[in-house]
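A.B. asks: Got a structure for you, questions after.
Computed from the coordinates by the stated procedures, all read-outs in this text should not be read as laboratory data. No experiment lies behind these values; they were computed from the predicted model shown. Glycine gets a Cβ as well: all are built from the backbone with ideal geometry, and neighbour counts include every protein chain shown.
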Amino acid sequence: MTDATMLSQPLTPTTTSASKIVVRGLDFYYQGSQALKSVSMDVPERQVTAIIGPSGCGKSTLLRVFNRIYAIYPKLEARGEVLLDGENILDARYPLNRLRSKVGMVFQKPVPFPMSIFENIAYGIRHHERLSKSEMDMRV
């Protein structure tokens, strides 16, 4: 087989695995401007998946959709389906706490939520503990 013939052959995975995340017809909008258009892909379970492309092509936007981080910002909208273990995480009824206990993000640089420094620090504590205002003030 020549190099040209090898390159024209589709790549097939050497192992089979169920999809952990299934994306179907995903569109994403920043204040009405479309950033992702009809994205469909499967992310297999227990395998490394690379999302590559030039700057500004939507890689980070796609990853932010996976844990609905966009939901804390106004005028951002995702349409389509993103299934995690068979459940559509874009459905408003899917609990954010449950989603974020399964899907996390590590940023190159720290990115606070659009809240005060106090609220950013208190955010994680509030999801794991019930503290009085004075206890929260001392903790933060």
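A.B. asks: Can you sort ARG130, ARG139 so the residue with the fewest Cβ neighbours within 10 Å comes first?
C.D. replies: ARG130, ARG139
A.B. asks: Using 0.36 nm times the number of residues separating SER55 and ARG79, minus their current alpha carbon distance, what extension gain do you get?
C.D. replies: Extending this stretch completely gives an extra 6.4 nm.
A.B. asks: On to the next question. Taking amide H atoms as placed 1.01 Å from N in the peptide plane, list the residues 5 or more away in sequence, or in a different chain, whose amide H sits under 5 Å from that of ILE21.
C.D. replies: VAL43
A.B. asks: For a label point 7 Å from the Cα of ASP27 along Cα→C-beta, name the residues of the range 39-78 whose backbone N is under 12 Å from it.
C.D. replies: What the label zone holds, given the 12 Å backbone N cut-off, is 39, 77-78.
A.B. asks: Sticking with this one: List, in the order given, every pair from LYS37/LYS102; LYS109/LYS133; LYS20/LYS102 whose Cα-Cα distance in the structure shown is over 19 Å.
C.D. replies: LYS37/LYS102; LYS109/LYS133
A.B. asks: Provide the per-residue ³J(HN,Hα) series for the range 34-50, in order, calculated from phi with Karplus coefficients 6.51, -1.76, 1.60 and θ = phi - 60°, each as a whole number of Hz, with x at glycine and proline positions.
C.D. replies: Karplus values, whole Hz, x for Gly and Pro: 6, 9, 10, 10, 6, 7, 9, 6, 10, 10, x, 6, 6, 9, 7, 10, 9.
A.B. asks: Something else: For the chain, compute the orientation-averaged projected area of the C-alpha convex hull (one quarter of its surface), in nm².
C.D. replies: 11.9
A.B. asks: Right, something else. Calculate for the chain the 222 nm mean residue ellipticity that helices alone would give, adding -39,500 (n - 2.57) per DSSP H run of length 4 or more and normalising by residue count, nearest 500 deg cm²/dmol.
C.D. replies: -7500 deg cm²/dmol
A.B. asks: At what distance in nm do the modelled label points of GLU87 and GLN108 sit from each other, each positioned 7 Å from its Cα along Cα→Cβ?
C.D. replies: The answer from the label model is 3.3 nm.
A.B. asks: With an 8 Å Cα cut-off and a minimum separation of 6 or more residues, compute the relative contact order for the chain in percent.
C.D. replies: This gives 21 percent for the chain.
A.B. asks: With unit charges on the beta carbon (Lys/Arg positive, Asp/Glu negative), name the residue among LEU90, MET105, HIS127 whose Cα is farthest towards the positive pole of the charge dipole of the range 59-140.
C.D. replies: Farthest towards the positive end: MET105.
A.B. asks: How far apart, in nm, are the 7 Å Cα→Cβ label points at ASP42 and HIS127?
C.D. replies: About 3.0 nm separates the two model spin labels.
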